[in-house]
1. Only residues that are surrounded by 11 or more Cβ atoms within 10 Å (Cβ to Cβ) and not in a helix (DSSP H, G or I): list them for the range 178-210, please.
2. Of the residues that sit in the range 72-85 and are surrounded by fewer than 18 Cβ atoms within 10 Å (Cβ to Cβ) and out of contact with any Ser or Thr (no Cβ under 9 Å at 6 or more places or on another chain), which one is nearest to R104 (Cα to Cα)?
3. Output the number of the condition that G160 fails; it satisfies all remaining conditions of (1) small (G, A, S); (2) part of a loop (DSSP other than H, G, I, E, B); (3) touching a residue at least 24 places away in the same chain (Cβ under 8 Å).
4. Give L109, L114, L128 a once-over and let me know the one that is within 16 Å of F59 (Cβ to Cβ), without any contact (Cβ under 8 Å) to a residue 12 or more places away in the chain and not basic (K, R).
5. Quick check on my filter: what residues within the range 92-126 are aromatic (F, W, Y) and surrounded by 13 or more Cβ atoms within 10 Å (Cβ to Cβ)?
6. Considering only residues that are of a type in the set (A, V, I, L, M), touching a helix residue (DSSP H, G or I) at 6+ places or on another chain (Cβ under 9 Å) and outside any helix (DSSP H, G or I), which ones fall in the range 50-97?
Amino acid sequence: MEKLPKNYSDIKTAYLKMTLSRSKSINASFAALILIGLLDYFTGPQFGFFVFYYIPILFAGWFIDRKTSITYAFIATIVWWTADSLGENIYTSDFFRYWNSFIRLLSFLLVGVLFSNFRIRLDKEQKLNSELSKALSDIKRLSGLLPICASCKNIRNDKGYWEQIEDYVKDHTDAEFSHSICPSCMEKLYPSVSKRRKEKLEASEKNEAK
């Protein structure tokens, strides 16, 4: 995954780069539509340039966004209608010219929306896969046999050095430790404190029994 900008200057630079890239893509797509329209006009009705109108629409849907792709579908229809009207293509009725323009608009819109939706889904899947890979890489687990000292309970790591079990578990998992003393160790290390705690516990239990 890409690192996010940390300060204002980095955010501004990233925004300017994105804006310039978007502007260049829009200009390139528009120029391609005009060029295709001119070729369609000068070559006449005998050469079919209908399929080439899809190129800028697909480019906009893939590299820009769905809204721009839809806009270019309308522009492509206008460009085709202009080239067809100014050209040598003769219809028995203007209805057929408008009908052909309507059919082309529907096909341009359908292709542009479907292609841009495919790109959106692909981006979502790539983002999800990236997040999943990051989550899997963050997961740590212990497996296999762990050599542990029978006396002090230290563990021998992969390099052959002995270290405390807390340090070893922290290095190989995401677990954290909070230290305390169990009753057995309390009685062994601090017998007087342990005795007082037992007396308080017994007195408390007697009061509850009453």
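1. Listed by number, the residues that qualify are I181, Y190.
2. Among those residues, the one meeting the criterion is F74.
3. Result: G160 fails condition (3) only.
4. Criteria check complete, one pass: L114.
5. Keep residues of the range 92-126 that are aromatic (F, W, Y), which gives 95-96, 98-99, 102, 108, 115, 118.
Hits for the range 92-126 are F108, F115.
6. Step one: filter the range 50-97 for residues of a type in the set (A, V, I, L, M), giving 51, 55, 57-58, 60, 64, 70, 73, 75-76, 78-79, 83, 86, 90.
Now narrow it down to the ones that are touching a helix residue (DSSP H, G or I) at 6+ places or on another chain (Cβ under 9 Å): 55, 57-58, 60, 64, 70, 73, 75-76, 78-79, 83, 86.
Passing the criteria: only I64.
FYI, it's all coordinate maths here, none of it is from the lab. Please read all numbers here as calculations on a predicted model, not as lab measurements. With ideal geometry, Cβ positions are generated from the backbone for all residues, glycine too; neighbour counts draw on all protein chains shown.
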